[in-house]
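The values are calculated or read from the model by the stated rules, or taken from the named source; none is laboratory data. Keep in mind that this is a model prediction, so the values were computed, not measured. We place every Cβ from the backbone using ideal geometry, glycine too, and count neighbours over all the protein chains shown. Surface accessibility is based on the protein's heavy atoms, side chains included, excluding ligands, DNA and RNA. Shrake-Rupley method; radii C 1.70, N 1.55, O 1.52, S 1.80 Å.
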Amino acid sequence: MIDAVDPGTKLYIRNKRPEDMTQFAAQKTLLFVHGATLPGEVTFDFPLEGLSWMDYIAQRGWDVYLVDVRGYGRSTRPPEMDQPAASNPPIATTDVAVRDVGSAIDFILQRRGVSKLSLLGWSWGAVITGAYTGDHNEKVDNLVFFAPGWLRTPPPSQTAPPPLGAYVAAPPTRERLQVGAPDDRKRDLMPGFEAWAAAAIASDPVGSKQEPPVLRSPAGYFRTTGISGRQASHIMIQRRSRSPRW
């Protein structure tokens, strides 16, 4: 657990590396950053057939980390998550997440005595890492976007959407996560889904005890990602010809 910029907020960081690694280099240091719904551990360090993505990278000589933004996984849950979602506006917006990831990066750089590292952002994590890199290009060696969010035009709705609360609460289901996938392929696309879904729900100590169990996630992404996504995309286009590498 490390300190966030804001007093009283702790961030969970997990590290894996080869057991005999004693020297560390920027070119072999990586931080995973999760998306809007799931914490880092069940995203990057859930084993399938005995091996997680984090394991796979570490076994190839990398010093690899993940971090949970506040409100996710083992990091501090803002007090708004102890109240009904509708009682407060969305929490853990993109600018807050960028600060949390910056705290993790500074901790890793100081701990290992390196000047930069690589970032891999998944979904909302791509917006977060892109925005961070726009302001701290000198600290990023490689930047990887995995399944990044993108601007899209939804079909017009006949009714106004309900106002966003502080967080959203829903179980991770195949139906929600596989929208658009061919019906005859859905059972093959996510091996070990039931075990993974159980681990995802268990990462929420409060939601997992509700009936039915749910996974609660801060709603800040849904409030800010439109503007932040455009800004991050602009930053990436402007910096594409310079370091960090893509």
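3J(HN,Hα) along region 189-206, derived from phi through the Karplus expression 6.51 cos²θ - 1.76 cosθ + 1.60 where θ = phi - 60°, amounts to 6, 10, x, x, 4, 4, 5, 5, 4, 5, 5, 5, 5, 5, 6, 9, x, 9 Hz, with x in place of Gly and Pro.
Assuming R0 = 45 Å, can you tell me the calculated FRET efficiency for the pair PHE146 and GLU211, based on Cβ-Cβ distance, to the nearest 0.05?
Values: r = 34 Å, r/R0 = 0.76.
For R0 = 45 Å, the calculated efficiency reads 0.85.
For LEU117, the residues 5 or more places off, or on other chains, whose built amide H falls under 5 Å of its own are VAL140, ASP141.
Restricting to region 26-176, what percent of DSSP beta bridges are antiparallel, rounded to 5?
Numbers: 1 of 15 bridges.
Bridges in region 26-176 that DSSP calls antiparallel: roughly 5 percent.
For region 178-188, the Karplus equation 6.51 cos²θ - 1.76 cosθ + 1.60, evaluated at θ = phi - 60°, returns couplings of 10, 4, x, 6, x, 4, 7, 10, 4, 5, 8 Hz by residue, with Gly and Pro reported as x.
Less than 5 angstrom separates the built amide H of ALA219 from those of ILE91, TYR167, VAL168, all sequence-distant by 5 or more or on a different chain.
Amide hydrogen proximity for TRP62: with H placed 1.01 Å from N in the peptide plane, no residue at 5 or more positions away or on another chain lies under 5 Å. For region 163-172, the Karplus equation 6.51 cos²θ - 1.76 cosθ + 1.60, evaluated at θ = phi - 60°, returns couplings of x, 6, x, 5, 8, 10, 9, 7, x, x Hz by residue, with Gly and Pro reported as x.
Helix-derived [θ] at 222 nm for the chain: sum -39500 (n - 2.57) over DSSP H runs of at least 4, divide by residue count, nearest 500? Calculated mean residue ellipticity at 222 nm is -9500 deg cm²/dmol.
Please compute the per residue accessible area over the chain with all protein chains in place, 1.4 Å probe, rounded to a whole number of Å².
On the way: 13270 Å² over 246 residues.
On a per-residue basis, 54 Å².
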